[in-house]
Amino acid sequence: MRLLFTTFLSVITAASLTVESPSSGQQIRRTDFHVTSDPGVRIAVREVRATRTPGPPHRPVLLLHGARVPGVASFDLPVPGGSLATDLARAGHPVYVMDARGYGASTRTAALSRPPQAGPPAVRSDAVVRDVAAVVERIARHAPDGRVALLGWATGGHWLGQYAAAHPGRVSHLVLYNTLYGPVADHPTMGRGSDYEDPRHPGRFNATRFGAYRLNTGEGLLPSWDASIPAEDKSAWRDPAVAQAYVRAALASDPTSADRTPPSFRAPSGAMEDSFYLATGRQLWDASLITARTLILRSERDFWSRPEDAETLERHLVHAEQVTSVELAGATHYVHLDRAERGRDQFLREATAFLSAGTAVTD
């Protein structure tokens, strides 16, 4: 089992790899590197770029994962239909996939090296915003005006929204995809009375139960996806090869996965504490501070965000250069990994059209 994880990890973290896309004839080059965030904190970044693109290069795009599964497993799976990064690179964008601290190939904070119950939830949003800032400073050199485009999935959208509110001059385009925002008080699974609430202190996150981090098995990654697919045969909605690659890459993202039985990867609990407060009505950042063009994408069958999150975001984005809100009909929380006809094609059309509008730059 350890050999399997090590082999897969070596494939997805190659320092530099160029592969040809048989459908387009384009070559896709992947380069992995690190940037320094806080002292002693190194953030892993993967660049995905097409060596030949039609027309001038477009603005760089940074992709940020959600609360549990890190960047490569979320956005750059080595199977057809599993790499949003490749799709955006084919459209002409230099694409960057980052891991927040505590995730994937980025620095694991000290709290993640101890038993999970030894400390409070690790890696809250303020720390991730500093990581985003460090990565943006590095990749902004590819845009003459110093601005980049950002796309965040679920908690990744929350983190990027908070960054864009604090650093509006650095962001040209912002895509918030199935993102909680608040201040909406009710949530079907994470709100008051759920396992996320401390039974001894109503209204507080259950830090004792969740600890500094959570251990996630491969088997535990699929139930929420399965539950949102309105078909008994899940393969009719998603390619089994994509689901298998997602599980393998998530486990391979943590070098300690094979040390446990069953294998499991660590994910900091700080994102869950932030999400609990968003789900119970707190607003952790103010969208009125954002000036970038903003696209709000929400899947109709999303279990994470709520229709009210998208509606409130749209109302609060009063200074954004442009605001577009799209509901992806019938789509799941994982629509960018579902089959093309199950919402992925619509997702790609909306995202690429939005990101490409007015983004041609001289690299």
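The values are calculated or read from the model by the stated rules, or taken from the named source; none is laboratory data. Treat the numbers as computed from the prediction; the structure is a model and nothing was measured. Glycine also receives a Cβ, built like all others from the backbone with ideal geometry; neighbour counts cover every protein chain displayed. Accessible surface is based on the protein model in full, side chains and every heavy atom, while ligands, DNA and RNA are left aside. Shrake-Rupley method; radii C 1.70, N 1.55, O 1.52, S 1.80 Å.
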Residue match in segment 229-242 (condition: touching a residue at least 24 places away in the same chain (Cβ under 8 Å) and in contact with a helix residue (DSSP H, G or I) (Cβ under 6 Å, 6 or more places away or on another chain)): yes
Residue tally, condition closer than 23 Å to ALA353 by Cβ and aromatic (Phe, Trp, Tyr), over segment 296-319: 0
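For segment 173-195, what are the residues that are open to solvent by less than 50 Å² (accessible area, probe 1.4 Å) and closer than 27 Å to VAL132 by Cα? If you could, list the steps in order and put the result at the bottom.
Taking segment 173-195 first, the residues open to solvent by less than 50 Å² (accessible area, probe 1.4 Å) are 173-182, 184, 187, 190-191, 194.
Hits for segment 173-195 are HIS173, LEU174, VAL175, LEU176, TYR177, ASN178, THR179, LEU180, TYR181, GLY182, VAL184, MET190.
Quick grid of which residues meet (1) at pLDDT 95 or above; (2) open to solvent by less than 10 Å² (accessible area, probe 1.4 Å); (3) more than 30 Å from SER264 (Cβ to Cβ):
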| residue | (1), (2), (3) |
| --- | --- |
| ASP32 | yes, no, no |
| ASP38 | yes, no, no |
| VAL45 | yes, yes, no |
| GLY55 | no, no, yes |
| PRO70 | yes, yes, no |
| ALA73 | yes, yes, no |
Pair list, Cβ under 6 Å, 6 or more apart: segment 278-299 residue buried (at least 19 other Cβ atoms within 10 Å of the Cβ), other residue in a strand (DSSP E or B) and of a type in the set (D, E, K, R): ARG298/GLU327
Residue that is farthest from LEU355 (Cα to Cα) [pool: residues in segment 155-172 that are open to solvent by 10 Å² or more (accessible area, probe 1.4 Å) and among the hydrophobic types (A, V, I, L, M, F, W, C)]: ALA166
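Mind checking whether some residue in segment 256-276 is open to solvent by 20 Å² or more (accessible area, probe 1.4 Å), assigned to a loop (DSSP other than H, G, I, E, B) and of a type in the set (S, T, N, Q)? Steps first, please.
Applying the first criterion (open to solvent by 20 Å² or more (accessible area, probe 1.4 Å)) to segment 256-276 yields 256, 258-263, 266, 273.
Keeping just the survivors that are assigned to a loop (DSSP other than H, G, I, E, B) gives 256, 260-263.
Remaining after also requiring of a type in the set (S, T, N, Q): 256, 261.
Yes.
Residues that are open to solvent by 60 Å² or more (accessible area, probe 1.4 Å) and of a type in the set (A, V, I, L, M, F, W, C): does segment 228-248 have at least one? Quick ask: steps written out before the conclusion?
Kept after step one, since they are open to solvent by 60 Å² or more (accessible area, probe 1.4 Å), are these residues of segment 228-248: 230, 232-233, 244, 248.
Then drop every residue that is not of a type in the set (A, V, I, L, M, F, W, C), which leaves none.
Within segment 228-248 (the criterion being open to solvent by 60 Å² or more (accessible area, probe 1.4 Å) and of a type in the set (A, V, I, L, M, F, W, C)), the answer is no, since none of the residues qualifies.
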Filter pass, SER264 being within 27 Å of ASP126 (Cα to Cα) and polar (S, T, N, Q): yes
Of residues in segment 315-351 being assigned to a loop (DSSP other than H, G, I, E, B) and open to solvent by 60 Å² or more (accessible area, probe 1.4 Å), the one farthest from SER288 (Cα to Cα): ARG339
Single residue of segment 165-197 satisfying the filter (among the aliphatic types (A, V, I, L, M) and over 15 Å from the mean Cα position of the chain (by Cα)) that is nearest to ARG315 (Cα to Cα): VAL184
Neighbours by Cβ (under 9 Å, 6+ apart or cross-chain): first from segment 196-208, without any contact (Cβ under 8 Å) to a residue 40 or more places away in the chain; second open to solvent by 40 Å² or more (accessible area, probe 1.4 Å) and not in a loop (DSSP other than H, G, I, E, B): ASP198/THR208; ASP198/ARG209; ARG200/THR208
When residues of segment 280-306 are limited to those that are of a type in the set (S, T, N, Q) and not in a loop (DSSP other than H, G, I, E, B), the one farthest from the chain's Cα centre (by Cα): SER288
Boolean, THR312 is buried (at least 17 other Cβ atoms within 10 Å of the Cβ), in a loop (DSSP other than H, G, I, E, B) and at pLDDT 95 or above: no
